[in-house]
Amino acid sequence: MANVVLVHGAWSDGSVWQAVIAALQEKGHHALAVQLPLTSLADDIACTRRQIATVDGPVTLVGHSYGGVVISGAAQENDQVTGLVFVAAYAPDEAETIATLSARGAATRGRAAIRFSEDGWTTLDPDLFGDALGADLPAATTRVLAAVQKPTHGACFSTPAGRGAWHDLPCAYVLSADDQILDPGLQRWFAERTGATVTELRSSHLSPVSHPAEVAATIRGMVADGAAAG
């Protein structure tokens, strides 16, 4: 049995991992989803570190989208973390932000769905949510996900990251080839610079929902590699 802690992205919560968790549990693994406050990067990293601390033993950290920034920060100087899995996720290095990293990639039509309010919080336009994040999911599913989305503060996107934990840990990357909000080419660049083992899916951004079996298989592969190395 291995320990897996899963971190969701912006405008979301831990429920996006439900099917992935079920697949991991079927194989005997202990899987937990973090519920980020999405108030700031520092708060989200602290929340994730608290969840890791509740687990007895080594942990594989998994992050989706913005969650990739969070797991990189939470894994810093944390001896419990033995591997990182980025799922259509940002994999930052020191001083990089979501904004500066996004500028490296091609423009994506899904970004037009982002709505910024005067108080600093962001949401996704419900009418554009499905096309932006889950074009390969049933419309009924994306309507529900849009209705329960969690507002995310802009500070999460503008705060510079620390040194990437991927420098020191083995990594895997699940690349969404049909992603409409995080450029697949940028995802490939993240995977290459982290030295990650890559699983490429014909998936929208929400691969944990549309392709949970494949995402879980990649996580199990990282777990198995870590066990062999240990």
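The values are calculated or read from the model by the stated rules, or taken from the named source; none is laboratory data. Worth saying up front: this structure is predicted, and the values here are computed from it rather than measured. Positions of Cβ are backbone-derived with ideal geometry, glycine not excepted, and every protein chain shown enters the neighbour counts.
Could you list all residues from segment 47-93 that are under 19 Å from Val198 (Cα atoms), among the polar types (S, T, N, Q) and assigned to a loop (DSSP other than H, G, I, E, B)? Answer for segment 47-93, where residues must be under 19 Å from Val198 (Cα atoms), among the polar types (S, T, N, Q) and assigned to a loop (DSSP other than H, G, I, E, B): just Ser65. For Ala216, are the conditions met, namely being under 15 Å from the mean Cα position of the chain (by Cα), hydrophobic (A, V, I, L, M, F, W, C) and either under 24 Å from Ala33 (Cβ atoms) or in a loop (DSSP other than H, G, I, E, B) (or both)? So Ala216 passes the test. When we screen Ala140, Ala132 for residues that are part of a helix (DSSP H, G or I) and surrounded by 16 or more Cβ atoms within 10 Å (Cβ to Cβ), the only hit is Ala132. Scanning segment 45-66 for residues that are of a type in the set (A, V, I, L, M, F, W, C) and free of Cβ contacts under 8 Å to residues at least 40 places away in the same chain, we see that the one that is farthest from Ala177 (Cα to Cα) is Ala53. Take Leu101 and decide whether it is touching a residue at least 24 places away in the same chain (Cβ under 8 Å), touching a helix residue (DSSP H, G or I) at 6+ places or on another chain (Cβ under 8 Å), assigned to a strand (DSSP E or B) and of a type in the set (A, V, I, L, M, F, W, C). Answer is no for this residue.
From the list Ala99, Ala161, pick out the single residue that is under 18 Å from the mean Cα position of the chain (by Cα), of a type outside the set (Ser, Thr, Tyr) and modelled with pLDDT under 95.
None of the others qualify; the one that does is Ala99.
Among the numbered conditions (1) under 18 Å from Leu101 (Cα atoms); (2) crowded, with 23+ Cβ neighbours inside 10 Å; (3) not charged (D, E, K, R), the only one that Ala216 does not meet is (1).
Of all residue pairs spaced 6 or more apart or on separate chains, those with beta-carbon atoms under 9 Å, a first member in segment 18-43 that is under 15 Å from Ala2 (Cβ atoms) and a second member that is of a type in the set (S, T, N, Q) and part of a loop (DSSP other than H, G, I, E, B) are Leu32/Thr54.
Going through segment 104-124 one residue at a time, which ones are in contact with a helix residue (DSSP H, G or I) (Cβ under 9 Å, 6 or more places away or on another chain), under 16 Å from Gly154 (Cβ atoms) and in a loop (DSSP other than H, G, I, E, B)? If the condition is that a residue be in contact with a helix residue (DSSP H, G or I) (Cβ under 9 Å, 6 or more places away or on another chain), under 16 Å from Gly154 (Cβ atoms) and in a loop (DSSP other than H, G, I, E, B), then Gly120 is the only one that fits. Total residues in segment 108-143 satisfying the condition of being without any contact (Cβ under 8 Å) to a residue 60 or more places away in the chain and among the aliphatic types (A, V, I, L, M): the figure is 5.
Is it true that some residue in segment 190-209 is assigned to a helix (DSSP H, G or I), free of Cβ contacts under 8 Å to residues at least 60 places away in the same chain and within 19 Å of Ile71 (Cβ to Cβ)? Yes; the residues of segment 190-209 include at least one that is assigned to a helix (DSSP H, G or I), free of Cβ contacts under 8 Å to residues at least 60 places away in the same chain and within 19 Å of Ile71 (Cβ to Cβ). If we scan segment 52-73, do we find a residue that is closer than 18 Å to Ser207 by Cα, surrounded by 21 or more Cβ atoms within 10 Å (Cβ to Cβ) and polar (S, T, N, Q)? Looking for residues that are closer than 18 Å to Ser207 by Cα, surrounded by 21 or more Cβ atoms within 10 Å (Cβ to Cβ) and polar (S, T, N, Q), one finds at least one in segment 52-73, hence yes.
Restricting to segment 143-167, name every residue that is over 19 Å from Leu41 (Cα atoms) and either assigned to a loop (DSSP other than H, G, I, E, B) or not β-branched (Val, Ile, Thr) (or both).
Residues satisfying the conditions are Arg143, Leu145, Ala146, Ala147, Val148, His167.
In segment 67-95, the residues that are among the charged types (D, E, K, R) reach residues that are surrounded by 24 or more Cβ atoms within 10 Å (Cβ to Cβ) with C-beta atoms within less than 6 angstrom, at least six apart or across chains, in these pairs: Asp93/Gly164. Filtered by the rule that a residue be closer than 15 Å to His167 by Cα, crowded, with 22+ Cβ neighbours inside 10 Å and of a type outside the set (Ser, Thr, Tyr), segment 88-105 gives Ala91, Pro92.
Suppose we keep only residues that are basic (Lys, Arg) and in contact with a Ser or Thr (Cβ under 9 Å, 6 or more places away or on another chain) within segment 143-195. Which one would you say is nearest to Gly83 (Cα to Cα)? Please lay out each step first, then the result.
Taking segment 143-195 first, the residues basic (Lys, Arg) are 143, 150, 163, 188, 193.
Restricting the remaining residues to those that are in contact with a Ser or Thr (Cβ under 9 Å, 6 or more places away or on another chain) gives 150, 163.
Values: Lys150: 27, Arg163: 16 Å.
Once the filter is applied, the top-ranked residue is Arg163.
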